[in-house]
Structure formats: C-alpha cells, structure tokens
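Where a number appears in this text, it was derived from the coordinates with a stated rule and is not lab data. Source: prediction; values computed, not measured. Cβ atoms come from the backbone with ideal geometry, glycine included; neighbour counts cover every protein chain shown.
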Amino acid sequence: MTAANQKVVLRSRPVCFSGENNPPRESNFALKDCPYPEVEDGQILVKTLYLSADPYMRCQMNANTGTDYLHSFELGQVIEGNGVGVVLTSKAEDFNRGDIVESYHWPWQLYATLNVGGLNCLTASKVDRKLVGSHFSLVHGLYGPPGLAALIGIREKGHVDPNANQTFVVSAAAGACGSLAGQVARLEGCANVVGICGTDEKCCFITNDLGFDHGINYKTEDIHARLQETCPNGIDIYFDNVGGDITNAVIKHMNPNSHIILCGTISTYNSDLPYPPPLPDDVQQVVESQNITRDRFLVINYIEKFPKSIKQLSQWYKSGKLKVRETIEGGLANCPKAFISMMNGGNTGKQIVHIAYL
C-alpha cells in the first residue's frame, strides 16, 4: 500500500489594482489530495522534511510577477519554493535512498518526484550532512538565499572598507536576510550597525542577541529622528529589504557616494508595481545628487560564488560569530498560514514549515 499524498495549490489570486495593497489570504490556497508519485529514469522520489516561506513567492501569486526572472503560479498549480527532504527511491545516478536533498523548486507536497543535477536552481542537489548535521532547515536560511544574499550582496554591492568607520543600516532587520546581513556587515568591518524592525521585541533581539548597535521601531518611533540619532555621521551602506516609506527615509540620511544593496522590496509585493519600484521624485533627486549607487541585486546571478560563500558562512556559524534564528510552523496544511504570517512580519529570523521527521 502506498502512502497518502497531499499538496497545496493556488486556488485564487489576490486582486491587485494599480499599486494598491492586496495581501494574500488563506482562501487563496487549497490543500488537496493527490496521487503518490511515480519515479521515472533520471528522477528521485522524496519525502518532504522542511519547506520555506519566502517573500518573493508573493509576486508569483500575481498573473504578472513584475520581474523577468520569476514565473507566475498557474491557478490550480502546486506552490513551489525552497524545500529539503530525504530520498526514498532513486532512478538517478549518484543519488541513493537516505540522501538529503534540496531544491529551489520544491513543491508544497508531502511526497514528490524531482529531477536531479548539479548546482542548479532548477534541479535537486545533495545536502552536505557535514555542513548542516541534523539541522536540515539551515539550507533555507543560513546556507540558502537569505544567507547568500546577505554575504554576497554586502561583498558585491556594499563596498565595505574596515578602515572607514562606516555606518550600515538594514531594514527588516529581524527577518531571515536582515538578521544575517547586520551580523555579516559587522564581521566585514562596519563600525556602526543599525537595524529597522516592526516591534520592540525585534529591536531587542537584534541588539541584545545579534550585536547590532541600535534598533529602530518604525511603527512607534520617528524614523527620521532616530536615524539622525543613531547615524550621526550619516549612512554609508543601506541593505534594503522593504522599499517604500522606510527606504525613502533612509535615503535622505545617506552620505555622498554611499551604496544601496537592493535585495528586496517586500512593502510593494502586495501590489502590481514593477521590481525595483521607482522612487518618489524628491528621493530620486537625493540619489542622483549624492551619487548613491542603487543597482538591482539578484543573488541567483552569483551562483558561481555560492560554494565559497557557504564555506565562509559555515566558518562564522560554527565558531559562534554568526547566530541564526528560525520561526517554525508545523504541517503541510499550515504552509499558507506560515506564508501569510511571514508577509505580515510575524516571523523572527527564517520562516520554516516542518513537514515530516526523517
């Protein structure tokens, strides 16, 4: 007798009208029974262990993602994202039962078949057990897109100079990427690290646990006054995870020849605005007059740097210099709930969904 199988599909799209905010709802998703997979040559049958809820997936719920590198989910299609699981059956060379594998296109499904390959976002690849031990969900955060974006983004776009007494500001600072970016900035040599969060608890987390110099609660504090207070010498590097009003405020405090690492704009993902969204005229004038760099950063364009970056992240993590936090929801049926919570800032660190034990 084969095991029962289920999947989460896109039932409907959040309706977007000319930049209006239309957040996803649980009714946009549906949990459905589905057949137990059959394995073809060149494929592996996997049991899902962990799934990742990530902001970029919100764009895929729209008929038009607003980007040239993300495809839209079709209505009735199983949701796909980052996932990790264990091989149950293999008809692929070099893959065996019991191997732990990951993929950036893992279906929200209990059991699935995957194509295999090397270091390729479109296929499954083996997880190095020496790297993660039994903490398999690290492939979603520290060793996944958030950690890689933090390190590679800072090194490629941040222009950190350890001798320059630089101030680094990061938005969504208690999130999956932001919490790592602030720590990486310190390790790379930034003298003043400031995080912008949405709760006092998150501000305490980044300062007390992660070693940020300051936390700013954008919901309850005057962000301009707090930036003036915490960044008296101006801002040299801004790691942008949110866009919108927070970014507009930060830019007005940036120094000449400073740099924006444009990693994400979650504040606009519930709209139909393109990525990256245009800045207001007065803010764009600041960017131009201050000669601030603001180039779109896509970590998937730096796949060749992944192995070296993962090695560096691992060294910092295992030596205690880099700390990781996860928010974990349980069960495939709760994937939509976890995703919506993450989009509303309900997570601290990486939002993970635990599906099954090994």
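When the chain is fully extended, how far beyond the present Cα-Cα distance does residue 30 get from residue 67, taking 0.36 nm per residue of separation?
Details: separation 37, 0.36 × 37 = 13.32 nm, distance 2.55 nm.
Gain on extension, residue 30 to residue 67, equals 10.8 nm.
Here each label is just a point 7 Å from Cα along the line to Cβ, and for residue 221 and residue 96 those points are 5.4 nm apart.
Starting from 0.36 nm per residue, how many nanometres of slack lie between residue 15 and residue 296 once their C-alpha separation is accounted for? Before the final figure, lay out each step's value.
Details: separation 281, 0.36 × 281 = 101.16 nm, distance 2.62 nm.
Contour length minus Cα-Cα distance gives 98.5 nm.
Among 302, 238, a tally of other beta-carbon atoms within 10 Å of each Cβ gives an order, fewest to most, of 302, 238.
Return a whole-number percent for the relative contact order of the chain, with Cα pairs under 8 Å and 6 or more residues apart as the contact set.
Working: 800 pairs, mean separation 67.8, N = 358.
Once normalised by length, the contact order is 19 percent.
Packing-based ranking of 248-260, 124-136, 162-174 yields 162-174, 248-260, 124-136, ordered from highest to lowest mean Cβ neighbour count within 10 Å. Taking a label point 7 Å from the Cα of residue 337 along the Cα→Cβ vector, which residues of region 185-204 have an amide N closer than 11 Å to it? Within reach of a label on residue 337, which here means backbone N under 11 Å from a point 7 Å along Cα→Cβ, region 185-204 contributes nothing.
Residues whose amide H lies under 5 Å from that of residue 6, counting only those 5 or more places away or on a different chain, are 34, 110, 111; hydrogens are built 1.01 Å from N in the peptide plane. For region 1-154, just say rounded, prolate or oblate: build the C-alpha gyration tensor, square-root its eigenvalues into a ≥ b ≥ c, call rounded for a/c under 1.5, and beyond that prolate if a/b exceeds b/c, oblate if not. Because a/c hits 1.5 or more and a/b fails to exceed b/c, region 1-154 counts as oblate. Annotation for residue 163 and residue 344: the two label points, set 7 Å from Cα along the Cα-Cβ direction, are 5.1 nm apart. Which entries of 202/252; 130/311; 219/321; 157/308; 7/91 show an alpha-carbon separation above 19 angstrom in the structure shown? Checking Cα-Cα distances, 202/252; 219/321; 7/91 exceed 19 Å.
Relative contact order for region 145-300: 22 percent, from Cα pairs under 8 Å spaced at least 6 residues apart, divided by residue count. Let's test the formula: R0 of 35 Å, r as the Cβ-Cβ distance of residue 356 and residue 200. What FRET efficiency results, to the nearest 0.05? After rounding to 0.05, the efficiency reads 0.45.
With a cut-off of 9 Å between beta carbons, the residues surrounding residue 78 carry a summed charge of +1, where Lys and Arg count +1 and Asp and Glu -1. Taking all C-alpha pairs of region 94-247, those more than 21 Å from each other amount to 52 percent.
In the chain, the calculated helix contribution to ellipticity at 222 nm averages -6000 deg cm²/dmol per residue, counting -39,500 (n - 2.57) for every DSSP H run with n ≥ 4.
In summary, the aspartates and glutamates within cross-link reach of residue 337, defined as a Cα separation below 17 angstrom excluding same-chain residues under 8 places away, comprise 26, 54, 80, 326, 329. Taking only the C-alpha atoms of region 144-198, Rg followed by Dmax gives 10.4, 32 Å. Charge tally around residue 192: other residues with Cβ under 12 Å, Lys/Arg +1 each, Asp/Glu -1 each, net -2. With all pairs of separate Cα atoms included, the chain yields a Kirkwood hydrodynamic radius of 21.0 Å.
Dividing the mean sequence gap of close Cα pairs (under 8 Å, 6+ apart) by how many residues region 217-358 holds gives a relative contact order of 17 percent. Note on residue 39 and residue 22: the model spin-label points, each 7 Å out from Cα along the C-beta direction, lie 4.2 nm apart.
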